[in-house]
Amino acid sequence: MGLQSKQTAKLSMDDEKIVELYWERDEKAIEETDFKYNKYLFSIAYNVVHDRLDCEECLNDTYLGAWNAMPPSKPNVLKAFLTTITRRIAIKRYHSNLKQSVIPSEMTVSLSELEDFVAGDGDIDSGFDAERLGRVISDFVRSLSERRQFIFMSRYYVADPIDTIASDLSLSRSMVNKEIAVIRSALKEILKSEGYSI
Amino acid sequence: MKKKEWNEGLNHIDPDLVEKYVEQKDRLRQKNKKPKSVWLRFGAIAACFLLIVSAVIVVPMLREDDSGVIPGPGTTDDNNRPNIPIVNVQVPSSAPQYYGSEATGDGGTAAEINTEGVSVIARLIAVLPDTYTFYDDWRQEEFHLLKMETVKLLKGKNVTDTFYYIVPERFMTDFTIFDKFVIVDMGQYGYEHSVLYNKTQSCAERLDIVLLGYLNTYFYFMGENFMAFDSDGSFDGRLWGANKYWASSTGWPNNIMGQPNKYLNGYTIAQAEQDFYSDDGYRSVNVLNSVSGEAKEALEYIQSFENGLYIQRGDGFKTSHYPSVQLNFRRYMEGFATNESGMIYAGSVSWSKARFSKEDEEKLPNLPSANESVKTALNNGLVTPPHFNNQEKLRNTTSGVFGWYAKTENGVVGIVRVTWCFCTEKYQFHYDDAYYIIEYGSDECKAIDRDALLELLGDYEATYIYTGEYNEYGKDFIRVYY
């Protein structure tokens, strides 16, 4: 059959080539994306939803989202592009699941750290402007040092565990916790000054 | 601030920050493992090169997209937009109606097919000679239809005895050399008697039996859910080796089927039957069987519509993880959606104001022809976005045509919506749309403003019609990735 050799060791494809495959409407794009980023995207989803089956569905939806988005999109950084899609899908699933029970995920833990000013499981208020909040958070993140930017994104955007962040930055766990406390305090002030109810 | 709001705000942070984070993370991981590879540098250079190439190639294309409205022949509306004369298309009015023997046994047959994957052992009856596309698929991918006979049901209930299976052009091979197929996780495309565009014949064509494909709303064919077996019941690898597309699809089983290798070494149809047999995943059946009172009456009413005129939407049944007792139904007529719908929730039923009568059914406008005529006009540049007037260099990325029947105070009209999508380099999407209506007996598809259309519909459901504000970007500014 000649197919068995295909199952042996395989190298990841360059992102540019994967994006090209999407643009050529070649389903191999999905396969290559999955081969290269499955584990990474799974971890992003798992941090949020903490359920293997949900994660697999999030990943499938991510691939579908990527397939539908490219074209027209041509991301500069494919991994970031996929991260964003996975996070959106996982967060949607998270809040949906949250209606039924508490989700024992890292996202729940990271949100609990912010309970001074982020609390309540209800739906979004009608007057809420997500884009404005997005701009406020973006400006805040830019005002941080490189290291704190990384910690903020790790902890609150992709909900990485403290240990993972400490390992990435070669810091102690307590040092990461201290940094997070500083970030949290500054964030609270910014949100307060921007008129968000605390 | 609520958790949902916080997360939604985070969803809107600047994409540059996400890119920076991902790059930081990769850099740190590399640093913690080994020295930076030269390939990363090469990648950066390649990315720069791609950017330059994009600037050289794409920017002139963007300019080309700024072309204005090309005046068309015939009458115009008050805003000088051309109305579109109808060119009649061939739509068989007496297509043979075929149903599986179990189809009438339980309400919501199409619903079950639509909402959970169906797995079967099947035999090929025929390969239809023509190629087809969906009307509302902007990619306009060509596909063929395999007419299949259900030999044995492995997962799902009430599957029709015969069905069409979608195979994209590039996956076409000689399917007649195989004895049987195991097809896993199929879903229904559209609804019973879908109207497709027959590209070979250049006309609309209504299908006579249910149309199935890989379980997904979108065109997402992956060959690995389709396995061939020879007359001895052994796995026949010639299908997966038929061409590079089939071959590349076999990597996917890692994700959905476990171990791909076993399918290549002495795998049999008997094993496949065991692997893919499932008696669960059909919670909708239980829901349907357990209802009573007005909910039961509603289901019986829906069931009485032969040929799937009512179908259940996927909402609430998307996955087996999310049980829902809410059943949403929409009525389809002559292959097109309508603004008639029903919803069953917790034993109670609510119907839309729009309810099509027998008289309405006999006086349906020629929507298939209108749909096709608008599509042709769009392809010829006679239809352009009415609101989008932004001077930024945005790419017109997609445009699609979608038609449906709507009941109004003055009878039934056919509505055809044209949708455009524009995209910035930052993946910011902007949309615009235009609407056309056709009345019973009319040979012209009239351009109509959205507001006038909403006024025409009055209290009747404005299904599929955008009701927000328009601006220079077309519809409301939308900043999403997909």
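See the values below:
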read-out	value
Unique residue being without any contact (Cβ under 8 Å) to a residue 40 or more places away in the chain and crowded, with 22+ Cβ neighbours inside 10 Å when the list is A:154, A:126, A:145, A:110	A:154
Hey, residue A:145 closer than 19 Å to residue A:187 by Cβ and polar (S, T, N, Q) or not	yes
Breaking point among (1) more than 24 Å from residue B:235 (Cβ to Cβ); (2) at pLDDT 75 or above, for residue B:141	(2)
Extreme residue, nearest to residue A:24 (Cα to Cα), among residues of region A:50-101 that are aromatic (Phe, Trp, Tyr) and under 17 Å from the mean Cα position of the chain (by Cα)	A:63
Some residue of region A:98-107 being in a loop (DSSP other than H, G, I, E, B), within 7 Å of chain B (Cβ to nearest Cβ) and either of a type outside the set (Val, Ile, Thr) or surrounded by fewer than 22 Cβ atoms within 10 Å (Cβ to Cβ) (or both)	no
Residue A:108 at pLDDT 90 or above, in contact with a Leu (Cβ under 9 Å, 6 or more places away or on another chain) and of a type in the set (Val, Ile, Thr)	no
Count of region A:177-198 residues which are away from chain B (no Cβ under 13 Å) and either of a type in the set (A, V, I, L, M, F, W, C) or farther than 20 Å from residue A:130 by Cα (or both)	9
Long-range neighbours under 7 Å by Cβ, at least six apart or interchain, first residue acidic (Asp, Glu) within region B:455-470, second part of a loop (DSSP other than H, G, I, E, B)	B:459/B:353; B:461/B:352; B:461/B:353; B:461/B:354; B:469/B:476
Filtered residues of region A:166-176 (kept if within 12 Å of another protein chain (Cβ to nearest Cβ) and in a helix (DSSP H, G or I))	A:166, A:167, A:168, A:169
Restricting region A:82-97 to residues that are hydrophobic (A, V, I, L, M, F, W, C) and facing chain B (nearest Cβ under 8 Å), the residue that is surrounded by the most Cβ atoms within 10 Å (Cβ to Cβ)	A:85
Residue match in region A:61-70 (condition: assigned to a helix (DSSP H, G or I), among the hydrophobic types (A, V, I, L, M, F, W, C) and closer than 30 Å to residue A:177 by Cβ)	no
Qualifying residue in region A:154-165 (condition: hydrophobic (A, V, I, L, M, F, W, C), within 11 Å of chain B (Cβ to nearest Cβ), more than 15 Å from the chain's Cα centre (by Cα) and farther than 20 Å from residue A:193 by Cβ)	no
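Matching residues to (1) facing chain B (nearest Cβ under 7 Å); (2) of a type outside the set (A, V, I, L, M, F, W, C); (3) closer than 23 Å to residue A:193 by Cα:
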position	(1), (2), (3)
A:71	yes, yes, no
A:112	no, yes, yes
A:120	yes, yes, yes
A:130	yes, no, yes
A:135	no, yes, yes
A:140	no, no, yes
A:143	no, yes, yes
A:150	yes, no, no
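The values are calculated or read from the model by the stated rules, or taken from the named source; none is laboratory data. As the structure is a prediction and not an experimental result, all values here were calculated from the model. Reconstructed Cβ throughout: ideal geometry from the backbone, glycine too, with neighbour counts over all protein chains shown.
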